[in-house]
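The values are calculated or read from the model by the stated rules, or taken from the named source; none is laboratory data. Nothing here was measured: the structure is a model prediction, and the numbers come from that model. We place every Cβ from the backbone using ideal geometry, glycine too, and count neighbours over all the protein chains shown. Heavy atoms of the whole protein, side chains included, go into the accessibility calculation; ligands, DNA and RNA do not. Shrake-Rupley method; radii C 1.70, N 1.55, O 1.52, S 1.80 Å.
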Amino acid sequence: MKEGAVIPLGLFGVQANLDEMKSLGAKLRELANRIPRDEQRAIVEYLRHGAIVFAIMEYTRDVLDDAFGVSGGSAILTDGVFYWRRDAAEYVEHYGVGLPDAFLDRGRSLSWQ
């Protein structure tokens, strides 16, 4: 990887429309319940407070159980090292969808601040 390149956050590092996200549903379900409960809230808040890189007005729906919707859900946010879809926080909050170890290690080293 090129130095200074921003890393996609697993499945959430894709720019995808609703149909494309639905095609990832099985993979999202496989990753459910992988985030430790005691850490989930901190991770969700960290994801929600990323800097907006690419704003998209699309309203996204939960592709697993239709439990939530997110205005601008396919917008791209970043922490300067990783980038992710805005609706990633909702998948972590509602399903505990797992995230790459490198992201978790970085967040923990920053105390999710």
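Computed from backbone phi, the HN-Hα couplings of segment 103-112 come to 5, 4, 4, 5, x, 5, 5, 9, 6, 6 Hz, rounded to whole numbers (Karplus: 6.51 cos²θ - 1.76 cosθ + 1.60, θ = phi - 60°; Gly and Pro given as x). Annotation: amide H-H contacts under 5 Å for I7 (H modelled 1.01 Å from N, sequence separation of 5 or more, or interchain): F82, Y83. At 1.4 Å probe size, with the rest of the protein present, what percent of the exposed accessible area of the chain is carbon and sulfur atoms? The value for the chain is 52 percent carbon and sulfur by accessible area. Would segment 1-67 count as rounded, prolate or oblate if I go by the C-alpha gyration tensor, calling it rounded below 1.5 in a/c and otherwise prolate when a/b exceeds b/c, oblate otherwise? Verdict is rounded for segment 1-67. Of all beta bridges that DSSP places with both ends in the chain, some 80 percent have antiparallel geometry. Each Cα pair under 8 Å and six or more residues apart adds its sequence gap; the mean of these over the residue count of the chain is a relative contact order of 35 percent. At a probe radius of 1.4 angstrom, the accessible area of the chain per residue rounds to 56 square angstrom.
Checking the a/c ratio against 1.5 first, then a/b against b/c, what shape does the Cα gyration tensor give for segment 21-113? Oblate, because a/c is 1.5 or more while a/b does not exceed b/c. Residue ranges 11-18, 30-37 sort as 11-18, 30-37 when ordered by packing (mean number of other C-beta atoms within 10 Å per residue, highest first).
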